[in-house]
Amino acid sequence: MKKLLMFSAALLAVSVMDYAPAEASDSKTESEKVIISFNGEIDYEFLEEAGAEVDEEFDSISAVSATFPDGLPAAAADTNSSIEYIEENQTVKAAAQKASWGYSLIRANKATSLGYTGKGVKIAIIDSGINIKHPDLKIAGGISKVPDRSAYSDIKGHGTHVAGIIGAQNNDIGTIGIAPDSLIYSVKVLNDIGVGDLDDVIAGVQWAIDQKVDIINMSLTTAGDSEALKDVLNKAYDKGIIIVAASGNYNPELQKTPSNVLFPARYSSVIAVGSISQQNRLSYFSHSGPAQELVAPGEGIVSTFVNAKTTTQDDYSSSEGTSVATPFAAGTFAQYMEAYPHLSNVQLRATVARAALDLGTAGKDIRYGHGMVRSLATAAALFPDMKRDQWYTAPIQSVFDRGIIKGFPDGTFRPGSSITRAEAATIIGRASNWTPDTTVQRFTDVPKSLYSAGYINKAYDLGYIKGTSDTKFSPDAPIKRADLVLILQRIYAFQSSQSHTFEDVSPEAYYFKAIEAAYDNGLLTGYDDDTIRPENPITRAESSKLLDAVLK
């Protein structure tokens, strides 16, 4: 008999806005607006005698809309030969989609206008299933771990609501998702009342790993820790999957303020998402704590739903909870994945955290984490901290595509930062296709474990670089512009055909010929004041441009 660890959806009861029709009056003495069509011309005499207040005239069809303070005399409708027909006025609703307030708050509309809609990003929604028949949703596939239930059976409506926040289509109906062009997969692990078994959740995560999804959305919680669940989520994270989960809900009248978010959001491999109101305040029901990483809109969010009482499938509902906030984060990550497909899940996690709107105490705090998740606001360059169409854009892209230079673990490139001597040796070694040599330690400050040790040793053995002393290399020191040019001149042997002396380059300088040769071959340009600034540190952008020019 399998162990039953009951998983409850982070939003146990999806709230539906109740609708109660107004009670009909027993008499017809109320003011009533109707549309009256006449045979021939409009009968103004009749309208005046009946005490009608004409609101609008429709001359083209000989009709008016009018209000009768004491109700339209029934006899007039039946006996007046000038009247062709009478219609009750009706309420007309716009046949167009309306985004939730959360969609606009996180700037998803801006990202959509820029073309970032999660195209091709695979998202597994581990939940109560998704109604595949809903006209505002497209489901790419799925699986059910609940016996005798389809992946697309969602009596609860919870998974369908989550799916709409992420992927409601950009059409003329309902609402719009954060990432409408993402590929949504329904992984049903919760039953018809919103609870499930731990082993089914684990199996659902394993299925998502096997399907090579990009993002896992878990709008569910459990109060208990589980080594097995932790292990499988760590496995998913190690595979490069972004995992977002609800921080959890509590009743402040019945429970004390929690010390941390619930599981699985508490695990380090998972991004815990809390809920905020329209006023950017932590929702009254939202858990928080040290593991809180992001917050997102989670109150009064309209999305796709399932209503068993209706005969159609186009149901929508307003709901609240941290499980509602979580898919806002999942959809935003899908946008960033589309914009920066080469970034790892670790880099994307840092990028989205860095872009969040800081709320509460400055910096990361236990209530809001890094802040409210926000969509892309500008067209993406290669890395989030780069700009498009700059002098460095194409060169950096070129050397990046060659595998010569990479970004940092936090997802940035830092084009204006200095490049160190260790980094210079590494990118030169990659550009030259050297086999790194880590069999020896040439310098006391370059241990074999240093990422650049093999390339530093190789460059030294080939005579292309020297240490800053007989025993030290100073790997973390910035490399000078002239020194990088000199090393490249030694390797690629470009020669000078004429003399052009920069004001700040002495003919006696050890790098004079290298600078002249680089300039003559169009590899290096001076500044407007006819200087080259050889002693200045060279930036990552400048070194990329120099390398790109050398390799062409």
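The values are calculated or read from the model by the stated rules, or taken from the named source; none is laboratory data. No experiment lies behind these values; they were computed from the predicted model shown. Glycine gets a Cβ as well: all are built from the backbone with ideal geometry, and neighbour counts include every protein chain shown. The protein model used for the area step is the full one, side chains on, heavy atoms only, and it has no ligands, DNA or RNA in it. Shrake-Rupley method; radii C 1.70, N 1.55, O 1.52, S 1.80 Å.
Brief remarks follow.
- Looking only at the stretch 115-143, residues that are farther than 21 Å from Val195 by Cα and either surrounded by fewer than 22 Cβ atoms within 10 Å (Cβ to Cβ) or not aromatic (Phe, Trp, Tyr) (or both) come to 17 in all.
- The stretch 229-244, residues that are open to solvent by less than 40 Å² (accessible area, probe 1.4 Å) and either part of a helix (DSSP H, G or I) or basic (Lys, Arg) (or both): Leu229, Val232, Leu233, Ala236
Listed here are the residues, each with its yes/no results for (1) farther than 23 Å from Pro135 by Cα; (2) out of contact with any His (no Cβ under 9 Å at 6 or more places or on another chain); (3) crowded, with 24+ Cβ neighbours inside 10 Å.
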site: Ile301; (1), (2), (3): no, no, yes
site: Thr304; (1), (2), (3): no, no, yes
site: Thr312; (1), (2), (3): no, yes, no
site: Met337; (1), (2), (3): yes, yes, yes
site: Pro341; (1), (2), (3): yes, yes, no
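- Which listed residue, of Leu198, Leu190, is in contact with a Leu (Cβ under 9 Å, 6 or more places away or on another chain), touching a residue at least 60 places away in the same chain (Cβ under 8 Å) and surrounded by fewer than 20 Cβ atoms within 10 Å (Cβ to Cβ): Leu198
- Pairing residues of the stretch 47-58 that are at pLDDT below 85 with residues that are of a type in the set (D, E, K, R), at Cβ distances under 6 Å and at least 6 apart in sequence or on separate chains, gives no pairs at all.
- Test result for Ile184, assigned to a strand (DSSP E or B) and free of Cβ contacts under 8 Å to residues at least 60 places away in the same chain: no
- Count of the stretch 151-178 residues, restricted to those that are touching a Pro at 6+ places or on another chain (Cβ under 9 Å), buried (at least 22 other Cβ atoms within 10 Å of the Cβ) and not in a helix (DSSP H, G or I), is 4.
- Residue within the stretch 457-464 that is more than 46 Å from the chain's Cα centre (by Cα) and either under 25 Å from Lys406 (Cα atoms) or part of a helix (DSSP H, G or I) (or both) present: yes
- Of the residues making up the stretch 480-500, not a single one is part of a loop (DSSP other than H, G, I, E, B), over 30 Å from Val440 (Cα atoms), in contact (Cβ under 8 Å) with a residue 40 or more places away in the chain and open to solvent by 30 Å² or more (accessible area, probe 1.4 Å).
- Members of the stretch 465-482 found to be modelled with pLDDT of 95 or more, more than 42 Å from the chain's Cα centre (by Cα) and under 19 Å from Arg430 (Cβ atoms), listed by number: Phe473
- In this entry, Val295 passes the filter for residues that are open to solvent by less than 10 Å² (accessible area, probe 1.4 Å) and over 29 Å from Asp199 (Cβ atoms).
- Test: residue in the stretch 206-216 that is at pLDDT 95 or above and closer than 14 Å to Ala265 by Cα: yes
- Hits in the stretch 270-283 (condition: touching a strand residue (DSSP E or B) at 6+ places or on another chain (Cβ under 6 Å) and in a loop (DSSP other than H, G, I, E, B)): Val270, Ser283
- All of (1) open to solvent by less than 10 Å² (accessible area, probe 1.4 Å); (2) assigned to a strand (DSSP E or B); (3) among the aromatic types (Phe, Trp, Tyr) hold for Phe328 with one exception: (2).
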